[in-house]
Amino acid sequence: MFADILHKNRVATFDLDITLYNTPFVQNFPLFSPATLKARILVSTVTNFQFLTVFFSYGKVGNGIGVFNGGRQIDTTITVKTAGDLRTFIQGDAVGIGVRIQIRDTIIVPVNNSREVVIRL
């Protein structure tokens, strides 16, 4: 993944479909700048969901960052690296028997900084 030069706040992917041996290959692209995202997961009351899944994504790729068993109180913070100055999508899914709660949020973290987002159920 790398910064998309043509569109601000977007990333692009680079796929090399075939490899040609002994053939020079030059690709110039800028890499994204790092940032830190802190996701605080807060479940203050005991509910009947079976598990809570939290993941984040930026660009075209999603990454899971935690799966928690339900039926208990949860208060934890997960720290992940993300791309600075790009929109990061956060999603929490609590599922169980008769339960389907989905929380979505977006955040832009400045380059070389950190931000915290709270997922509260």
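What are the residues in the range 45-82 that are under 19 Å from the mean Cα position of the chain (by Cα) and not in a strand (DSSP E or B), if any?
Passing the criteria: Gly59, Lys60.
Given the residues Thr36, Thr53, which is the only one that is farther than 17 Å from Gln102 by Cβ, of a type in the set (S, T, N, Q), touching a strand residue (DSSP E or B) at 6+ places or on another chain (Cβ under 6 Å) and modelled with pLDDT of 80 or more?
From the options Thr36, Thr53, the qualifying one is Thr36.
Regarding the range 56-65, can at least one residue be identified that is free of Cβ contacts under 8 Å to residues at least 40 places away in the same chain, exposed (fewer than 15 other Cβ atoms within 10 Å of the Cβ) and among the hydrophobic types (A, V, I, L, M, F, W, C)?
For the range 56-65, residues free of Cβ contacts under 8 Å to residues at least 40 places away in the same chain, exposed (fewer than 15 other Cβ atoms within 10 Å of the Cβ) and among the hydrophobic types (A, V, I, L, M, F, W, C): absent.
Across the range 66-87, what is the number of residues that are surrounded by 15 or more Cβ atoms within 10 Å (Cβ to Cβ) and charged (D, E, K, R)?
The number of residues fulfilling the criteria is 2.
Could you list, in sequence order, the residues of the range 88-121 that are out of contact with any Ser or Thr (no Cβ under 6 Å at 6 or more places or on another chain), exposed (fewer than 14 other Cβ atoms within 10 Å of the Cβ) and either part of a strand (DSSP E or B) or of a type in the set (A, V, I, L, M) (or both)?
Answer for the range 88-121, where residues must be out of contact with any Ser or Thr (no Cβ under 6 Å at 6 or more places or on another chain), exposed (fewer than 14 other Cβ atoms within 10 Å of the Cβ) and either part of a strand (DSSP E or B) or of a type in the set (A, V, I, L, M) (or both): Ile97, Val99, Arg100, Ile101, Gln102, Arg104, Thr106, Glu116, Val118, Arg120.
Would you check if Asp85 is among the charged types (D, E, K, R), closer than 30 Å to Ser33 by Cα and assigned to a loop (DSSP other than H, G, I, E, B)?
It is true that Asp85 is among the charged types (D, E, K, R), closer than 30 Å to Ser33 by Cα and assigned to a loop (DSSP other than H, G, I, E, B).
The values are calculated or read from the model by the stated rules, or taken from the named source; none is laboratory data. Just so it is clear, the structure is predicted and the values come from calculations on it, not from any experiment. Glycine gets a Cβ as well: all are built from the backbone with ideal geometry, and neighbour counts include every protein chain shown.
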